[in-house]
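The values are calculated or read from the model by the stated rules, or taken from the named source; none is laboratory data. This structure is a prediction, so every number in the text was calculated from the model and none was measured. Using ideal geometry, Cβ is built from the backbone for each residue, glycine included, and neighbour counts are taken over all protein chains shown.
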């Protein structure tokens, strides 16, 4: 069982002992620290915080703890219940709230849950803010409200407002999508995507929908991370039912995977690449992804004569880089689309709307559209961490080994990334799991696997 306290929030497994897992007392302590942080930064305001959750089994229990704690601290709560992560982010702005808490462990299995913390813009807190909350939590210096000053709760639903905002975007062409008359399969892993995506399709006018695992029960039908090995069911159904394409989302709907008409993966890296290609074809501008994302976005951006830049891994870092470079589109290679004209958050719903517009206007099949883009392969690997592994020392030694090699660029803003002429490898400690991630990209699958294994062997030689 695990509890991970980081600048991005608190994530852990349900049950077990205090401080070692995500227990009720840990939830109350961290919620209290966050609320006090918000109050300290808004000393002359009454405080309102939005709370939303995905459908995982522990979600209602954790939500009740959070809402009650906020009320006990004199905070007013807008409880939007079952909601996608991007819906919760946008709700903070709609409500003019001072913050928000998203209850989701994203792609983690059902035993996990987490509190993700937002600022008044509906964006994730930065590193300094996260550190301040961790210190407040450790201090346990909480002063709860007297009876006359406790907060109150209002229940609302913002999914319709979110969808309507998407459909008003100039680059979302509802008529083109309707005219294409797509037959689409969707797998929502029995979480909130099963509510949100059909609602989006209804507003667009898509009638041919094959719904798979769309009951928001939290009983995940398969491993919830949208990777090829977890998506065999929808792949078979697409081929059998002769669908034009399929969409798969993670439990909180901020990651979007696409399958073509043959049931083959479009490639989670290429969700962002395809959407960025469409956006740049209509509006020139810069792009951003993180260091672990494919070079294909860089290549597409160069085609339009604009600038690509990379950030450290993590949505807050991508958003900061997008703002610094005034990027018109960005995101992460795990299928996370950030379209700032809507909001600064990964959003599968706007990703679906933009991708369908692109596919409809291209007059191509999904597989033909995928073939239009540069072909890279990423090998994604991980090493489980043990208490005797000094990650910082390990990364320093890897950096020292490669930075003296000619024509090799080493970047250390987030772990260590080593750029070779035709490929790259990125090593970093995960923010969400007790692992080291090792991602390698090259021009074919064998080359990327070989590069990853070469670096993994280097790691083990250092650990011996």
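Out of the residues in the range 400-419 that are surrounded by fewer than 17 Cβ atoms within 10 Å (Cβ to Cβ) and touching a helix residue (DSSP H, G or I) at 6+ places or on another chain (Cβ under 8 Å), which is farthest from residue 317 (Cα to Cα)?
Restricting to residues being surrounded by fewer than 17 Cβ atoms within 10 Å (Cβ to Cβ) and touching a helix residue (DSSP H, G or I) at 6+ places or on another chain (Cβ under 8 Å), the top hit is 401.
Does any residue of the range 341-363 turn out to be within 22 Å of residue 443 (Cα to Cα) and in a helix (DSSP H, G or I)?
No; the residues of the range 341-363 include none that is within 22 Å of residue 443 (Cα to Cα) and in a helix (DSSP H, G or I).
State whether one or more residues within the range 318-329 are within 20 Å of residue 107 (Cα to Cα), touching a helix residue (DSSP H, G or I) at 6+ places or on another chain (Cβ under 8 Å) and outside any loop (DSSP other than H, G, I, E, B).
No; the residues of the range 318-329 include none that is within 20 Å of residue 107 (Cα to Cα), touching a helix residue (DSSP H, G or I) at 6+ places or on another chain (Cβ under 8 Å) and outside any loop (DSSP other than H, G, I, E, B).
Counting only residues that are surrounded by 24 or more Cβ atoms within 10 Å (Cβ to Cβ), farther than 25 Å from residue 116 by Cβ and within 21 Å of the chain's Cα centre (by Cα), how many does the range 298-315 have?
The qualifying residues number 0.
Do we find that residue 282 is more than 27 Å from residue 418 (Cβ to Cβ), without any contact (Cβ under 8 Å) to a residue 40 or more places away in the chain and over 18 Å from the mean Cα position of the chain (by Cα) in this structure?
So residue 282 does not fit the description; no.
Among the residues of the range 15-47, which ones are in contact with a strand residue (DSSP E or B) (Cβ under 6 Å, 6 or more places away or on another chain) and modelled with pLDDT of 95 or more?
Answer for the range 15-47, where residues must be in contact with a strand residue (DSSP E or B) (Cβ under 6 Å, 6 or more places away or on another chain) and modelled with pLDDT of 95 or more: 22, 25, 30, 34, 38.
Whether any residue in the range 74-85 is closer than 20 Å to residue 12 by Cβ and out of contact with any helix residue (DSSP H, G or I) (no Cβ under 6 Å at 6 or more places or on another chain) is what I want to check.
yes
Provide a single number: the residues in the range 21-61 that are part of a loop (DSSP other than H, G, I, E, B) and under 25 Å from the mean Cα position of the chain (by Cα).
Adding up the residues that qualify gives 6.
Only one of (1) touching a helix residue (DSSP H, G or I) at 6+ places or on another chain (Cβ under 7 Å); (2) modelled with pLDDT of 90 or more is not met by residue 429, so which one is it?
All conditions are met except number (2).
Please go through (1) touching a helix residue (DSSP H, G or I) at 6+ places or on another chain (Cβ under 8 Å); (2) modelled with pLDDT of 95 or more for residue 7 and return the number of the only condition it doesn't satisfy.
(2)
Step by step: first the residues of the range 432-464, then only those that are farther than 18 Å from residue 419 by Cα and not in a helix (DSSP H, G or I), then the one that is modelled with the lowest pLDDT. Which residue is that?
Ranking the qualifying residues of the range 432-464, first place goes to 432.
(1) in contact with a strand residue (DSSP E or B) (Cβ under 9 Å, 6 or more places away or on another chain); (2) in a helix (DSSP H, G or I); (3) buried (at least 21 other Cβ atoms within 10 Å of the Cβ): which one isn't true of residue 337, the others all being true?
Only one criterion is unmet by residue 337, namely (2).
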